[in-house]
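The values are calculated or read from the model by the stated rules, or taken from the named source; none is laboratory data. Keep in mind the model is a prediction, meaning the values are calculated, not measured. Neighbour counts are summed over all protein chains in view; Cβ atoms, including those assigned to glycine, are modelled from backbone coordinates with ideal geometry. Note: accessible area is taken over every heavy atom of the protein model, side chains too, but ligands, DNA and RNA are not part of it. Shrake-Rupley method; radii C 1.70, N 1.55, O 1.52, S 1.80 Å.
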Amino acid sequence: MPFENLLVETRERIARVTLNRPHKLNALNRATIGELGACCEQLAGDPGVGVVILTGAGEKAFVAGADINELASQTPIEGKEYGLAGQAVLNRIENLGKPVIAAVNGYALGGGCELAMACTLRIASVNARFGQPEVKLGIIPGYGGTQRLPRLVGTGRALQLLLTGEQIQADEALRIGLVNEVVAAAELLPRCEAIARLILANAPIAVRLATEAVYRGLQMPLADGLYLEATLFGLACSTEDMKEGTRAFLEKRTARFTGA
Ligand code: COA
């Protein structure tokens, strides 16, 4: 299905989704959020897609936030619904069942930073800028920023970003653990594709179970998270790919995983 505000292109099991409103720095309006949700459903159900790369059109922005034109006129009830609808889409990204790599190519502010944080990995170009400037607009983050940011960078650093609304540069985002890597702008998509290929070479069910163990485990006390890990480990032992992976190692050859 063609989208108005997204470009979607799949090659060699890597789907590249580009948020495509560069004249508005890819700000997330309702239509774009809706399309992103529909796109996630398609990608989740497409066996031809193993990894997703999410990026922004143009050279300036990944996503410069929720669309302030729409925010400006909403009622309290609309505001709550808007937050919940956006959270649902970001939750879907986090729980897609396949890794989503944010290729952060410029401003990732407000909803853009929140969107990047919902992705499995974040790779930034040197010109990326991160921030949660909502307090400058008299609001707070509504797409998970108050929850995912402290989980990623710690309470103190999260509160500094949330309360000052200041932007940080890519190297600072790397230092505090908000992004995984920083690369030259020209290297951003090639690097994300290289990481995607490393993941695609591994057993798909194992990749999925490891991701689930991390995200679910983070919501649990350690003992319960460890129990979940052991249970998912047991589940991985039931797969054909586990037999193939261990056999290939013992036979000193490359494993041929089928996702079964
Ligand atoms: N919502 C709606 N429109 C936005 C937007 C947003 N979050 N961010 C940028 N735009 C629009 C601008 O209004 C402008 O549109 P126009 O050309 O029709 O006037 C266009 O995108 C280009 O942005 P501009 O502000 O001219 O670019 P800049 O290089 O001077 O500044 C930013 C870049 C990112 C610093 C600035 O656009 C900005 O502060 N954006 C808002 C960030 C924000 O507060 N996000 C959180 C929202 S909750």
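Expressed as a whole percent, the accessible surface of the chain that belongs to carbon and sulfur atoms is 58, based on a 1.4 Å probe. Rounded to the nearest 20 debye, the dipole magnitude of the stretch 158-260 is 460 debye, with +1 charges on Lys and Arg beta carbons, -1 on Asp and Glu beta carbons, and the Cα centre as origin.
Semi-axes, largest first, in whole Å: what does sqrt of 5 times each Cα gyration tensor eigenvalue give for the chain? Let's see the in-between values first.
Details: eigenvalues 206, 84, 65 Å².
For the chain, the semi-axes come out at 32, 21, 18 Å.
Between ILE68 and ASN202, the contour length at 0.36 nm per residue exceeds the alpha carbon distance by 44.1 nm.
Where does the Debye-calculated log10 I(q)/I(0) of the stretch 52-204 sit at q = 0.10, 0.17 Å⁻¹, using only Cα point scatterers of equal weight, no solvent? Values, matching the q order: -0.33, -0.95.
Separation of the stretch 213-239 and the stretch 175-210 by C-alpha centroid, Å? For the stretch 213-239 versus the stretch 175-210, the Cα centre distance is 22 Å. Considered as an equivalent ellipsoid built on the Cα gyration tensor, the stretch 1-88 has semi-axes of 25, 16, 9 Å, the largest given first. Solvent-accessible surface of the stretch 4-55, averaged per residue with a 1.4 angstrom probe and all protein chains in place: 44 square angstrom.
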